[in-house]
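The values are calculated or read from the model by the stated rules, or taken from the named source; none is laboratory data. None of the values given here were measured: they were computed from a predicted structure. When we count neighbours, we look across all protein chains shown, and the Cβ atoms used for this are built from the backbone with ideal geometry, even at glycine.
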Amino acid sequence: MPDIPDHLVSLKGGFKAFLAPPPADVVRLTVGEPAFDTPSAISEAAITAIQAGDTHYTRGEGRESLCAAWASHLRNRWNIPVQDDGIVVTPGAKQALLYAIMVAAEPGDEVILMAPSWPTHVEQVELVGATPVLIKCQKPSFHPNLDEVAAAITPRTSAILINSPNNPTGAVYTPEEMQGLVDLAIKHDLWIISDEIYTELIWNDTEHVAPAAIEGGFERTMTITGPSKTHAMTGWRVGIFAAPTPLAKVVGRLQGNTCSHIPAFLMPAAEVAAENWEAVAEFRDDYIRRRSLMMDLLNGIPSLSASEPEGAFYVMVDVTATGMDGTTFAARAMEEAKVQVIPLETLPGGEGFVRLSYAAEDDVIEEGLKRLSEWLNDQ
Ligand SMILES: Cc1ncc(COP(=O)(O)O)c(C=O)c1O
């Protein structure tokens, strides 16, 4: 076999190693997806479309009515002034992120990310030959320090990647922090890649201000979103790329030359999702209850400390008082307590932490935290 390029061999699998289905007796507090089913109106739209023969090539960016529905949602909900033809519907938000990073970074460029960062953001930057520059966030809130972000900008910096609410930290950046990041991008003529997949999942009073909604922000921001987390559609692979129209046209060609488009019969379903936010409101109530449940149970374990997550469905748990580092804690929790958690030890900024997900059912959360508590009591 000829050589596989080094930069592809070295591509890491993100959290994949910790997401592998464990033996049946293990409680999983790892999974980053809702424990709900996709709302039936969305599924029915796809079934109807496939039965009606909607199985042929179509517009690469996504059907006009589909793009219009998502553009309208982004304009009305988040004040992002995107035109209908500024939308490209992609196979998952991940693919939209890759397109954005391909636009924003060339080989040799530097991309600023807040650390600890979701591994896919880092891997995608490396995939295009650029260098991720990781700015460690302040503990325990995991908000960015804007002076440190400013100090990290060099002539090679081409983009700042923002992910609020954040995976893995659960931090929701304030309007002032968003303004500060956009100001830096304007001052240094940088792209902003704004991963907004969790913006419907904010649990405190912070108002999400999209960078693209801030004056001077839209022309340099690629907004990434989609229904995966909000509508329990992770397996559907539908994502949204939103940007100024000339840029969306370039990304439309990028998609046209690679995967063409998302499956035609998923388009009517993705359109229903863009117009159907009632189910999301119900999901929110469940998340709020599960977050409280997890925090109450965590607060009852003296050697673990965690601050209230502000958004998404993840809790950063500081395990240093157990005398273990994050990797040892996760390995031993799996082996001895039969609980699967994600260690963040190897991510810059995540040393001493593990990530727990409260996107699980109540009884799973209860059982997982009970096992962790008993295991740690026996140490
Ligand atoms: C921050 C972040 N962005 C994007 C994604 C991917 O979304 P999708 O499933 O639509 O590709 C995830 C999924 O875990 C995520 O956590």
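Being in contact (Cβ under 8 Å) with a residue 24 or more places away in the chain, within 16 Å of the ligand (Cβ to nearest atom), out of contact with any Lys or Arg (no Cβ under 8 Å at 6 or more places or on another chain) and not hydroxyl-bearing (Ser, Thr, Tyr) is a description that applies to LEU161.
With respect to the conditions (1) modelled with pLDDT of 95 or more; (2) farther than 17 Å from LEU97 by Cβ; (3) in contact with a Gly (Cβ under 8 Å, 6 or more places away or on another chain); (4) not aliphatic (A, V, I, L, M), PHE218 falls short on a single one, namely (3). Screening ILE240, ILE197 for residues that are within 15 Å of the ligand (Cβ to nearest atom) and in a strand (DSSP E or B) leaves exactly one candidate, ILE240. The set of residues in the range 78-93 that are within 14 Å of the ligand (Cβ to nearest atom), of a type outside the set (Val, Ile, Thr) and more than 18 Å from ILE192 (Cβ to Cβ) comprises PRO91, GLY92.
Let me confirm something: among GLU126, GLU148, which residue is within 20 Å of the chain's Cα centre (by Cα), modelled with pLDDT of 95 or more and away from the ligand (no atom under 16 Å from the Cβ)? That would be GLU126, the only listed residue that is within 20 Å of the chain's Cα centre (by Cα), modelled with pLDDT of 95 or more and away from the ligand (no atom under 16 Å from the Cβ). Filtering GLU215, GLU196, GLU200, GLU177 for residues that are on the phi < 0 side of the Ramachandran plot and surrounded by fewer than 19 Cβ atoms within 10 Å (Cβ to Cβ) leaves a single hit, GLU215. Could you grab me the full set of residues in the range 318-368 that are in a loop (DSSP other than H, G, I, E, B), out of contact with any Gly (no Cβ under 8 Å at 6 or more places or on another chain) and surrounded by 21 or more Cβ atoms within 10 Å (Cβ to Cβ)? Listed by number, the residues that qualify are MET324, VAL341, LEU347, TYR358. Among residues of the range 66-87 that are β-branched (Val, Ile, Thr), those with a beta-carbon under 6 Å from a residue that is in a helix (DSSP H, G or I) at least six positions away or on a different chain give the pairs ILE80/LEU74; ILE80/ALA212; ILE80/ALA213; VAL82/ALA71; VAL82/LEU74; ILE87/CYS67; ILE87/TRP70; ILE87/ALA71.
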